[in-house]
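Have a look at the structure below, then the notes.
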Amino acid sequence: MSIEVKVPQLPESVTDATLLSWHKKPGDAVARDENLVDLETDKVVLEVPAPSNGVLKEIHQQDGATVTSGELLATLEEGAAPAAKEAGSGQGSAADEAGESAADGHKLSPSVRRLVEEHNLDPAAISGSGRDGRITKSDVLSFIEGGTKAPQPAAAKPPAPPAGERTERRVPMTRLRAKIAERLVEAQQTAAMLTSFNEVDLGAVKELRKKYRDSFQEKHGVKLGFMSFFVKASIEALRKFPAVNASVDGNEILYHDYFDVGIAVSTERGLVVPVLRDADQMSFAEIEMAINDYASRARKGSISLEELTGGTFTVTNGGVFGSLMSTPIINPPQSAILGMHKIQDRPMVVNGEVQVRPMMYIALTYDHRIIDGREAVLTLVTIKEALEDPARLLLQV
């Protein structure tokens, strides 16, 4: 029996998607729930799984096509996968179709095999967390993120261009990159953006993290990072200065009596901003766990569009890339964004004496239409005071 494979229902705010790539071709055997094709929206990549076991009969949309909800992607002939071909026939066996690498004996799904080949990895070096030690897509991505990528053989490197040759490549923007460009230009054209700076002595936070690092991780199963301190400090500042947590709606100011804090996450596809809903009600551990989960799923492309929408304020950390100072751009329709930067030991005068302290420059870019300079500066001062005396975060003073 033939089964139609259609574009899943897209979120309400997304009108269409771009077909990135097929993982199967007509005639290939597929297993139920196996990813057939990737669809890219403005924010996330969606996987379209096979509805049942069978054979991919026909593909109706090619790579690069723009598709909408319910549109026909392919036809699947339901039933068992074809029997294995006899050895010596020159064709792959059913085991090969299922993803078993003849070279190393590791069973790999098509999506995992594609990742392994793209990054030139040795499957034997990757620990599998699936059934019977099977390597999953998450295992491969974690392996890559851990910086343990296998060295690429010299023979596989592309040849260097001849000396003096000037080459160019024209590559279309991905939907995510195009959306980022659109929103950044929108922010520049609609908001009266201004940036204020301050610096923070993070000695107290570092000591607190050092003192409770092991017990925190043992109890909560997550490391105590800097981001939770900055989120908490930002919320205290937003309580004092509601305009920084507000947005412009026509000729009105929309004040938000809740704190949905966006956390900027850099991925290979571009920057995304998952949102911590009601961040003021979250503990330090809950914030750290949520951020780790969001970052992991954002880099794997498995984060949902709902998790990327909304937000009343954003925190971005350029310090992880070595940035010492920058002017972040507002994420519309929000009215402010906090930029964190690199922690650097610098000589500072403390109580009349020069001491080497772990300092960070922080920046607040704000919409001057509704936020005055006084409010912006005092917002940074509040954040600074909370971080230099973390007890304030507990007492909310």
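Listed conditions (1) within 22 Å of D257 (Cα to Cα); (2) modelled with pLDDT under 85 are all met by K300, apart from (1). In summary, S196 fulfils each of the numbered conditions (1) farther than 21 Å from D372 by Cβ; (2) touching a Gly at 6+ places or on another chain (Cβ under 9 Å) with the single exception of condition (1).
Of the residues making up region 298-315, those that are farther than 15 Å from A264 by Cβ and buried (at least 16 other Cβ atoms within 10 Å of the Cβ) number 3.
The rows are residues; the columns are (1) assigned to a helix (DSSP H, G or I); (2) open to solvent by 10 Å² or more (accessible area, probe 1.4 Å); (3) of a type outside the set (A, V, I, L, M, F, W, C).
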site	(1), (2), (3)
L271	no, yes, no
I287	yes, no, no
I291	yes, yes, no
P328	no, yes, yes
V356	no, yes, no
M360	no, no, no
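Name the single residue, out of those in region 70-87 being modelled with pLDDT of 85 or more and surrounded by fewer than 15 Cβ atoms within 10 Å (Cβ to Cβ), that is nearest to L305 (Cα to Cα). Result: G70.
Take residues that are farther than 21 Å from S335 by Cα and tell me which of the strands (runs of 3 or more DSSP E) falling wholly in region 193-257 contain 2 or more. Output list reads 193-201.
Number of residues in region 362-389 that are open to solvent by 40 Å² or more (accessible area, probe 1.4 Å) and assigned to a loop (DSSP other than H, G, I, E, B) equals 4.
The residue of region 158-198 that is modelled with the lowest pLDDT, among those that are closer than 30 Å to L39 by Cα, more than 26 Å from the chain's Cα centre (by Cα) and not acidic (D, E), is P158. Among the residues that make up region 50-65, is at least one of them surrounded by fewer than 12 Cβ atoms within 10 Å (Cβ to Cβ) and at pLDDT 85 or above? Looking through region 50-65, at least one residue is surrounded by fewer than 12 Cβ atoms within 10 Å (Cβ to Cβ) and at pLDDT 85 or above.
Restricting region 180-230 to residues that are open to solvent by 60 Å² or more (accessible area, probe 1.4 Å) and of a type in the set (F, W, Y) leaves a set whose member that is farthest from S247 (Cα to Cα) is Y212. Contact map, region 54-75: first residue free of Cβ contacts under 8 Å to residues at least 24 places away in the same chain, second residue β-branched (V, I, T), Cβ cut-off under 9 Å, separation 6 or more or different chains; pairs are H60/V5; H60/T75.
Would you confirm whether any residue within region 16-39 is touching a residue at least 12 places away in the same chain (Cβ under 8 Å), within 18 Å of S302 (Cβ to Cβ), of a type in the set (D, E, K, R) and crowded, with 18+ Cβ neighbours inside 10 Å? There is at least one residue in region 16-39 that is touching a residue at least 12 places away in the same chain (Cβ under 8 Å), within 18 Å of S302 (Cβ to Cβ), of a type in the set (D, E, K, R) and crowded, with 18+ Cβ neighbours inside 10 Å. Taken across region 299-306, residues that are in contact with a Ser or Thr (Cβ under 8 Å, 6 or more places away or on another chain) and among the hydroxyl-bearing types (S, T, Y) do not occur at all. Return yes or no: is S266 surrounded by 12 or more Cβ atoms within 10 Å (Cβ to Cβ) and in a strand (DSSP E or B)? Criteria met by S266.
The values are calculated or read from the model by the stated rules, or taken from the named source; none is laboratory data. Since the structure is predicted, the reported quantities are computational estimates derived from the model, not experimental observations. In this analysis, Cβ positions are derived from the backbone assuming ideal geometry, glycine residues included, and neighbour counts consider all displayed protein chains. When the accessible area is computed, the model is the full protein with side chains, heavy atoms only, and any ligands, DNA or RNA have been set aside. Shrake-Rupley method; radii C 1.70, N 1.55, O 1.52, S 1.80 Å.
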